[in-house]
Amino acid sequence: MIRLIKNLGHFFIALTAVIFYRFPAKRLTVIGVTGTDGKTTTSTLIYHILKTAGLKVALLSTVAAYIGKEKINTGFHVTSPNPWLLQKLLKKIVKREYQYVVLEATSHGLDQHRLLGSNITIGVLTNITHEHLDYHKTYTRYTKAKSKLFSKAKVAIINRDDRSFQPIKSQIPKSTRIVSYSLKKPKPDFINQSFPQNYNRSNALAAMQVAIQLKIRKQIIKQAMTTFPGVKGRMDEIKNNSGVRIIVDFAHTPNALINALQFLKKTTKGKLIAVYGAAGLRDYNKRPLMGDVGARLADETILTAEDPRSEDVNTIIWQMKDGITTNHAHVHEISDRQRAINFAINHLAKKGDTVGIIGKGHEQAMNLDGKTETPWSDHQAVLKALKKEKS
């Protein structure tokens, strides 16, 4: 009953915002992108393809909103904007005579009606993996929340390789045309060349399908794929003179962590050192899984803080360690994230090794007490560690 009352409250807030701003999305072609992992990269790649094709397009992602040369922050952490901000941004986009919007959609945003009135024309789902079960409680509910993206879409683009394919397909309205994509099918060479990671090849296939639906020529798609600059905080290599490869990445789910560490392990000359944590007041069930992934795939793992909020960071780390089935001797506990990064770069790493600093990516703040967003950047933390090494 409480959940139902909250849901109705979210609905009326969203409806009020849509009416106040006079249904701006009705004058736009909106491409909505959702998924546990890969939605920001896929959204940004679609945006880049449409820009390359000369179309007037804006991007509303969990990282930021991009309207022409203007960049607008949409929040510290990864979730869809609240309805009032979303509708205000859509209204601004209409006033500037844009035709297309790429809109990244989270499961919380979909479940709480934040995207009400967004008029999704093409919906894209990358995957549904273990995440947000603290909120959705079950995988079935999580899948149902994601499926809301397709409720009025003309086209649904879904991942045939993902276990969500059949459950999602069964929930898509019969009036919506379903287009699938798969890594098991032959891929254009420019995708293989532009995206070394399999998970990003999958994201690229999803983006390509959107471009095809919009009748963008293959040559334009190829040009966009080969010039795509990537997304900040996703496999960012921080250049340095130490002989150690240092990568900052946003992977914060078990599936994303597996993909990131497998790729880094395969491409490192020496040892792989992983630094990461698990967020406080979020999906507790994933913590043991996250701990086990690092212990199995990295040569050295440092478990540390990642937005502990009002929880004790050491308790979170112990819960992560509970899932470890092997390699205990190479798992370290350093609750302070800066100290953990210093230890990885200045004490564990040798020439030829790779240090993966994972979980925060592009984010510019960390929540340490449940109340305050403290300025934080993994990129800056790495630079501090490198300066300490020289001193």
Charge sum, other residues only, whose C-beta stays under 14 Å from Phe195's C-beta, Lys/Arg counted +1 and Asp/Glu -1
+3
Percent antiparallel among DSSP beta bridges confined to the stretch 236-390, nearest 5, equals 25
Count the net charge of all other residues whose Cβ sits under 13 Å from the Cβ of Asp336, scoring Lys and Arg as +1 and Asp and Glu as -1.
+1
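About the Cα centre of the stretch 1-55, how large is the charge dipole given +1 on each Lys and Arg Cβ and -1 on each Asp and Glu Cβ? Please answer in debye to the nearest 20.
180
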Taking the Cα atoms only, what angle lies between the long axis of helix 286-297 and the longest principal axis of the chain, rounded to 10 degrees?
60
Place a +1 charge on the Cβ of each Lys and Arg in the chain and a -1 charge on the Cβ of each Asp and Glu, then give the dipole magnitude about the Cα centre in debye, rounded to the nearest 20.
1860
Pick out, from Pro188, Ser175, Ile158, the residue whose Cα sits farthest towards the positive end of the charge dipole of the stretch 152-244, with +1 on the Cβ of Lys and Arg and -1 on the Cβ of Asp and Glu.
Ser175
Check the straight Cα-Cα distances from Lys92 and name the lysines below 28 Å, setting aside those fewer than 8 residues away within the same chain.
Lys26, Lys39, Lys51, Lys56, Lys69, Lys71, Lys146, Lys148, Lys152, Lys154, Lys215, Lys232
Divide by every residue of the chain the summed helix terms, -39500 (n - 2.57) for each DSSP H run of at least 4, and state the resulting mean residue ellipticity at 222 nm, rounded to the nearest 500 deg cm²/dmol.
-12000 deg cm²/dmol
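Can you give me the relative contact order of the chain as a percent, contacts being Cα pairs under 8 Å and 6 or more apart?
Over the chain, the number comes to 15 percent.
Give me the percent of DSSP beta bridges within the stretch 2-227 that run antiparallel, rounded to the nearest 5.
Details: 6 of 29 bridges.
Within the stretch 2-227, antiparallel bridges account for around 20 percent of the total.
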Residues with beta-carbon under 14 Å from that of Glu104, excluding Glu104: net charge, scoring Lys, Arg +1 and Asp, Glu -1?
+3
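How big is the C-alpha Rg of the stretch 2-227 next to the rule-of-thumb value 2.2 N^0.38 Å, as a ratio? Don't skip to the answer; put the middle values down first.
Numbers: Rg = 16.7 Å, N = 226, 2.2 N^0.38 = 17.3 Å.
Here the answer is 0.97, to two decimals.
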Cα-only Debye scattering, the stretch 1-101: base-10 log of I(q)/I(0) at q = 0.13, 0.17, 0.21 Å⁻¹
-0.50, -0.82, -1.17
What ranking of Ser61, Ser80, Ser43, Ser151 emerges when the number of other C-beta atoms within 10 Å of each C-beta is taken as an exposure proxy, fewest first?
Ser151, Ser61, Ser80, Ser43
Under 5 Å between amide H atoms, partner at least 5 residues away or on a different chain: which partners does Ile302 have, H built in plane at 1.01 Å?
Ala274, Val275, Tyr276, His332
To test your reading of the geometry: what angle, between 0 and 90 degrees and rounded to tens, separates the Cα axis of helix 39-52 from the longest principal axis of the chain?
60
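What order do you get for 361-373, 244-256 when each peptide is scored by the mean count of other beta carbon atoms within 10 Å, highest first? Don't jump to the answer; show the numbers that get you there.
Values: 361-373: 16.6, 244-256: 24.0.
Going from most to least packed, we get 244-256, 361-373.
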Here the percent of antiparallel bridges among DSSP beta bridges lying wholly in the chain, to the nearest 5, is 20
Relative to the first principal axis of the alpha-carbon coordinates of the chain, what is the inclination of helix 198-213, with its axis defined by its Cα atoms, in degrees from 0 to 90 and to the nearest 10?
10
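For the chain, go through all pairs of different Cα atoms, get the mean of 1/r, take its inverse, and jot down that Kirkwood value in Å.
Values: mean 1/r = 0.0462 Å⁻¹.
By the Kirkwood definition, the hydrodynamic radius is 21.7 Å.
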Students often forget the sequence filter, so: which lysines lie under 20 Å Cα-Cα from Lys351 once same-chain residues fewer than 8 apart are removed?
Lys239, Lys265, Lys266, Lys269, Lys271, Lys384, Lys387, Lys388, Lys390
At 7 Å along the Cα-to-beta-carbon direction for both Leu281 and Ser175, put a label point, then send me their distance in nm to one decimal.
4.0
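Under 8 Å for C-alpha pairs, at least 6 residues apart: give me the relative contact order for the stretch 2-227, rounded to a whole percent.
On the way: 413 pairs, mean separation 54.5, N = 226.
Value for the stretch 2-227: 24 percent.
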Along the positive direction of the dipole of the chain (beta-carbon charges: Lys, Arg +1; Asp, Glu -1; about the Cα centre), which of Leu116, Val355, Ile246 reaches farthest?
Leu116
Amide H to amide H under 5 Å from Thr129: which residues, 5+ apart in sequence or cross-chain, H placed 1.01 Å off N in plane?
Thr36, Asp37
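A short reminder: the numbers here are calculations on the coordinates, not readings from a lab. None of the values given here were measured: they were computed from a predicted structure. So basically every Cβ, Gly included, is an ideal-geometry build from the backbone, and we count neighbours across all protein chains shown.
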